[in-house]
Every structure is written in structure tokens, then in C-alpha cells.
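Notes to accompany the following structure.
Every number in this text was worked out from the coordinates using simple rules, so none of it is lab data. Note that the structure is predicted; figures quoted are calculated from it, not measured. A quick note on method: Cβ atoms are made from the backbone with ideal geometry, for glycine too, and the neighbour counts reach across all protein chains shown.
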Amino acid sequence: MNIYKHEFKMNVRSVISWSVSTALLLFIFMGVFSSFAKDAALLNEAMAQMPPELLTAFGMTGLDMTTVLGFYSLAFLFCQICLAIQAANYGFALVSVEERDMTADFLLAKPVGRAHILTSKLLAAFTGLTITNIVIWISSFVFINMFRGGRPYDTKTLVLLLLSIVVFQLFFLSVGVLISLLMKRVRSVTSVSMALAFGMYVLSAFGGMLGKDTLDVITPFKHFDPNYIIANAAYNVPLVVLSVVIVVASIAGSYVLYARRNIHTAV
């Protein structure tokens with residue numbers, strides 16, 4: 001049995017749902033951009049009346065929302081939340097679903113090692129995430145050029161934003177797997193994945209509101225802050241490196257824990 005193909009088929013519907021949802025989200029956001037941009041003065045005045053804490057929480061501080069990328073950054077933030085939930089969902093479900101349903105013996109009885117099983121599962125999950133990533137790339141370029149109304153934007157900065165998705169997804173995927181292996185049993189994959197994704201986002205929002213730089217170390221929403229990337233046309237390299245280190249450490253830890261895990265089966 002090809003474990004990779006089996007795992008990927010299990011995620012196909014989910015991948016399609018998340019891909020369509022993120023594409024639709026980008027379409028809706030960029031579809032109203034031209035209307036907002038026409039009343040630039042009114043929009044900037046309205047934003048000036050908003051509480052600074054609210055602007056910080058949504059990563060809108062210092063951005064000109066009448067520019068293409070300034071407006072796109074808000075849509076991208078909501079895409080990040082969707083991507084975080086999707087990746088965390090796949091991470092928590094990777095091992096825990098079979099344990100919960102007592103079907104793990106179906107795989108463990110096969111003449112393959114646990115490392116091979118976990119690798120196949122990770123690759124299948126990452127393939128699904130990559131498909132969603134590709135859809136976001138295509139949707140972003142298509143909808144931006146469709147609705148920008150001739151307004152210019154920096155392609156390099158947009159590419160930097162989109163390139164950040166890979167590590168961002170891997171962060172939640174790998175951390176989700178690691179946490180699930182540290183837990184005795186994951187009763188609800190959806191609830192814990194949403195808790196991880198929204199928990200990281202809330203930390204990012206409150207960190208900005210409270211001015212606590214220490215919270216930047218915890219959450220990838222700050223590691224790949226659209227506001228920072230657009231304003232500087234570059235990454236915050238130390239925080240990006242930290243994300244990569246966490247991904248590598250989480251994957252390595254997952255292999256160690258999975259190899260030693262006492263997995264309950266139906267037998």
C-alpha cells in the first residue's frame with residue numbers, strides 16, 4: 001500500500017475546500033479595492049479615527065490602505081489565519097485520528113518502519129498545503145491585476161509576501177504534529193487546531209498593542225508580518241530564522257516521539 005497516496009486522498013476534499021475559500025477571500029477583498037481607492041481621503045480619515053490598538057491588532061499601522069499592496073496586506077492577514085488553521089489541522093490529525101479511531105494497527109502491521117510512515121504522512125500533508133499555496137499565488141496575481149485599476153505595485157514585495165507562506169505553513173504543521181504526540185489523546189482536531197492558530201494570532205495582536213517585543217519570539221504571525229514586509233520590502237531575518245529552527249526542531253522531535261510512542265490499536 002502506498003501510504004503517501006492514501007493519506008493525500010484522505011485530504012483531497014479538505015484541500016479543495018481551503019483552496020477555494022482562500023481564493024474567494026482574495027477575490028472579495030480585492031474586488032472592493034477600486035471603490036475604496038477612489039475615496040482615498042475619506043478612507044484615510046476614517047482610519048485616523050480608529051483606535052491605534054485596533055489598527056495594531058490588524059497590522060494596519062503605518063500602511064496606506066489606498067495602495068494596492070497596502071490593501072492586499074489586510075486580505076493576506078486573513079489568508080494567513082486560514083492557512084494556520086489548515087496546516088495545524090493537518091498536523092494534529094496526522095497521527096491522532098488513527099489513534100482515536102483505533103485504526104493505527106492497519107498501518108503498523110505493514111512491513112514498514114515508523115519513520116517511513118511519518119515521512120509519508122508529512123509529505124502528503126505538505127503536498128496538500130502546497131496546492132493551497134499555489135492557488136493563493138495564482139489568485140493573488142490574477143485578482144490584483146484585475147482590480148488594481150492601473151495603479152502600480154512592487155512585484156518583488158508581493159513575491160516576498162507569497163514566499164513566506166511555505167515556512168508559515170510548515171510552522172503550524174510541524175508544531176501541530178509535535179503537540180499531538182506530546183498529548184495522550186487529541187479528542188477534537190478542529191478545536192485544538194483553531195486554538196493554536198487563533199492563539200498565535202491573539203499573541204501577535206496583543207504583543208503589538210502592548211508593545212511587548214518578547215511575544216514576537218512566540219508567534220509566526222509576527223515572524224511574517226505583512227506590515228513589516230511591505231514597509232521594508234524585506235523579511236525580519238532573525239525572526240524568520242527562528243521560525244525555521246522551530247520547524248526543524250518540531251519535525252525532529254516528532255520523529256523521536258513517534259518512534260517511542262505507545263500507540264493504542266483495536267487489538
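Compactness ratio of region 107-178: Cα Rg over 2.2 N^0.38 Å, N = residue count? Don't skip to the answer; put the middle values down first.
Values: Rg = 17.7 Å, N = 72, 2.2 N^0.38 = 11.2 Å.
Region 107-178 yields a ratio of 1.59.
Oblate is the label for region 161-207, because the ratio a/c of its alpha-carbon gyration tensor axes (a ≥ b ≥ c) is 1.5 or higher and a/b is not greater than b/c. Using the beta-carbon distance between Thr155 and Ile16 and R0 = 30 Å, what value does 1/(1 + (r/R0)^6) give for FRET efficiency, to the nearest 0.05? For R0 = 30 Å, the calculated efficiency reads 0.60. Anything over 32 Å Cα to Cα? Flag those among Lys5/Lys184; Lys121/Lys156; Lys9/Lys156; Lys5/Lys156, in the order listed. Where the Cα-Cα span goes over 32 Å, the pairs concerned are Lys121/Lys156; Lys9/Lys156; Lys5/Lys156. As a rough guide to protection, the peptides 73-84, 129-140, 186-197 ranked by mean Cβ packing within 10 Å, highest first, stand as 73-84, 129-140, 186-197.
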